[in-house]
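Have a look at the structure below, then the notes.
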Amino acid sequence: MENAEVAKTFSELADLLELTGGNPYKVRAYRQAAQVIDTLPGPVSELWRKGELTSVASIGERIAARIGQLLERGTLPDRDELASRVPAGVVELLSIEGVGPKTIASVWKVLGVADVDALEQACRTGRLSELHRMGERRAEAILEAIQRYRARRTTRVPLHRAVSYADSICAKLRKVPGVRTVEAAGSVRRRKETVGDLDILVAATEPAPVMRAFCDLSEVATVLAQGPTKATVRLRIGLQVDLRVLPPESFGAALHYFTGSKAHNIAVRTRAVHRGIKLSEYGVFDREGRRRSGEREQDVFEAVGLPWIPPELREGAGELEAAEAGTLPRLVEERDVLGDLHVHSRASTDARATLEELADEAGRRGRRYLAITDHSRSRPLGLDEEGLAEQRERIAALNRERGEPRLLAGVEVDILPDGSLDLPTQALAGLDWVVASVHADFTQPRERMTD
């Protein structure tokens with residue numbers, strides 16, 4: 001079970017508990033645990049296996065035991081019991097951005113609103129105003145949130161989360177006997193900001209064991225389709241994954257084809273036609289249909305007289321012309337990154353590393369500088385003026401002791417609802433780096449938020 005799924009379960013548990021009038025301290029603890037789990041740098045399952053969960057900030061023995069229960073059983077009985085007491089449509093309302101559990105509890109219990117359509121109707125007819133502090137502006141904000149929710153209902157996940165699932169699935173399929181190569185293709189390979197589904201390609205001489213292993217993955221909720229060499233599943237987080245098993249001699253051509261984009265593929269195939277070549281996911285063929293190559297992805301580019309083009313550039317935006325002219329840009333790689341300018345230490349609730357540990361990790365990654373930007377005081381366990389000054393002194397002392405990487409003294413200061421900052425100017429003036437962020441009151445009217 002991936003971190004995102006564990007975090008989602010605890011977040012849902014907190015929301016359901018709040019909806020049904022549960023213990024507010026438990027609500028806060030579950031919600032905080034969800035936030036921490038979602039930002040862990042490594043698998044929560046690994047920490048649990050090693051017995052190290054309680055070393056993570058905000059995770060005590062009880063929460064650690066609940067995480068272990070979830071990882072072992074795949075569910076939490078009390079979460080399921082709470083969900084059975086709340087209509088499914090009400091649970092869905094929790095997915096609408098900016099409409100919190102307290103608002104949902106009110107519209108459900110007072111107005112009888114039990115799904116998205118009913119909430120929209122209540123906003124449009126003015127029924128929402130029957131509730132305390134629910135005027136016309138609030139109704140407009142909720143209507144906008146409903147529109148955004150409906151627009152994104154086709155499941156898309158952030159790239160970092162999609163990469164995590166793709167890497168996990170590929171690693172498991174590589175262990176299947178007879179498998180030679182496994183790669184994630186599609187938009188995740190092109191590193192798009194969000195990913196709608198995953199395409200996994202496998203080179204193997206015997207497809208059947210791969211198909212069985214794929215459909216039996218622990219992440220899979222539903223097998224949507226299964227054939228001799230193709231299968232489609234839906235993961236428990238809602239993401240669809242398509243698998244294709246190919247003979248090794250076709251793998252390179254298939255990897256190019258299924259990586260896309262559509263515009264890039266059309267451009268490459270048009271170029272191939274002009275050269276008297278046929279391209280498909282099965283290989284490179286001449287006019288008579290005789291196979292020429294296709295085992296490597298480079299075979300496709302060589303067949304059309306081009307150098308290999310990185311997946312991130314395959315968007316049909318002039319990359320073929322640039323490749324032919326030798327002017328393809330060099331992509332930024334991990335080794336090019338010299339520093340990070342937004343890092344929390346354990347002075348913030350959503351992190352657990354000391355300043356020394358952060359400096360050590362930055363050095364290991366080849367960073368030359370690292371900005372420490374813990375939350376300001378309005379966030380739980382954030383820094384007040386005195387705490388920020390003390391941290392600044394500790395950072396200065398570490399810089400004198402260590403040299404490189406250089407730690408920059410910074411802060412992530414809240415922008416409060418009235419537009420003022422959470423810390424006075426004199427507290428910020430001596431810092432190397434200040435990040436200013438809105439963390440609350442996202443439902444203010446556009447004009448007020450802009451001001």
For the subset of the range 242-262 comprising residues that are closer than 16 Å to Val188 by Cβ and out of contact with any helix residue (DSSP H, G or I) (no Cβ under 7 Å at 6 or more places or on another chain), which member is most open to solvent (accessible area, probe 1.4 Å)? Lys262
Applying the selection to the range 116-134, what residues are open to solvent by 40 Å² or more (accessible area, probe 1.4 Å) and either over 23 Å from Phe442 (Cβ atoms) or among the small types (Gly, Ala, Ser) (or both)? Asp117, Gln121, Thr125, Arg127, Ser129, Glu130
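Okay, residues lined up against (1) under 22 Å from Arg161 (Cα atoms); (2) assigned to a helix (DSSP H, G or I); (3) out of contact with any His (no Cβ under 8 Å at 6 or more places or on another chain):
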{"site": "Ile37", "(1), (2), (3)": "yes, yes, yes"}
{"site": "Pro41", "(1), (2), (3)": "yes, no, yes"}
{"site": "Leu47", "(1), (2), (3)": "yes, yes, yes"}
{"site": "Ser58", "(1), (2), (3)": "no, no, yes"}
{"site": "Ile63", "(1), (2), (3)": "no, yes, yes"}
{"site": "Gly68", "(1), (2), (3)": "yes, yes, yes"}
{"site": "Val91", "(1), (2), (3)": "no, yes, yes"}
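Let's see how each residue does on (1) surrounded by fewer than 16 Cβ atoms within 10 Å (Cβ to Cβ); (2) in contact with a helix residue (DSSP H, G or I) (Cβ under 6 Å, 6 or more places away or on another chain); (3) touching a residue at least 24 places away in the same chain (Cβ under 8 Å); (4) charged (D, E, K, R):
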{"site": "Leu320", "(1), (2), (3), (4)": "no, yes, yes, no"}
{"site": "Arg335", "(1), (2), (3), (4)": "yes, no, yes, yes"}
{"site": "Leu338", "(1), (2), (3), (4)": "yes, no, yes, no"}
{"site": "Ala362", "(1), (2), (3), (4)": "no, no, yes, no"}
Of everything in the range 94-115, what is over 20 Å from Phe442 (Cα atoms), open to solvent by 40 Å² or more (accessible area, probe 1.4 Å) and touching an Asp or Glu at 6+ places or on another chain (Cβ under 9 Å)? Give them in sequence order. Val110, Asp115
Any chance the range 208-218 includes a residue that's part of a helix (DSSP H, G or I), more than 22 Å from the chain's Cα centre (by Cα) and β-branched (Val, Ile, Thr)? yes
Tell me, which residue of the range 331-379 that is assigned to a helix (DSSP H, G or I) and of a type in the set (Lys, Arg) is modelled with the highest pLDDT? Arg364
Subset of the range 192-215, residues touching a Leu at 6+ places or on another chain (Cβ under 7 Å) and either of a type in the set (Val, Ile, Thr) or loosely packed, with under 15 Cβ neighbours inside 10 Å (or both), comes to Glu193, Thr194, Val195, Ile200, Val202, Val210
Hey, can you tell me all the residues within the range 219-233 that are of a type in the set (D, E, K, R) and in contact with a Leu (Cβ under 6 Å, 6 or more places away or on another chain)? Glu219
Hits in the range 399-416 (condition: buried (at least 18 other Cβ atoms within 10 Å of the Cβ) and either assigned to a helix (DSSP H, G or I) or touching a Gly at 6+ places or on another chain (Cβ under 7 Å) (or both)): Pro405
Has the range 63-73 got any residue that is within 26 Å of Arg150 (Cβ to Cβ) and small (Gly, Ala, Ser)? no
In this structure, is Thr443 in contact with a helix residue (DSSP H, G or I) (Cβ under 7 Å, 6 or more places away or on another chain), open to solvent by less than 20 Å² (accessible area, probe 1.4 Å), in a loop (DSSP other than H, G, I, E, B) and modelled with pLDDT under 95? no
Could you please find all residues in the range 160-178 being open to solvent by 40 Å² or more (accessible area, probe 1.4 Å) and either part of a loop (DSSP other than H, G, I, E, B) or more than 21 Å from Val210 (Cα to Cα) (or both)? His160, Arg161, Arg174, Lys175, Pro177, Gly178
Considering (1) within 26 Å of the chain's Cα centre (by Cα); (2) open to solvent by 40 Å² or more (accessible area, probe 1.4 Å), say which one Gln298 fails and leave the rest. (1)
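The values are calculated or read from the model by the stated rules, or taken from the named source; none is laboratory data. Because the structure is predicted, anything quoted here is derived from the model rather than measured. Methodologically, a virtual Cβ is constructed for each residue, glycine included, from the backbone with ideal geometry; neighbour enumeration extends over all protein chains shown. For accessibility, only protein heavy atoms count, side chains too; no ligands or nucleic acids. Shrake-Rupley method; radii C 1.70, N 1.55, O 1.52, S 1.80 Å.
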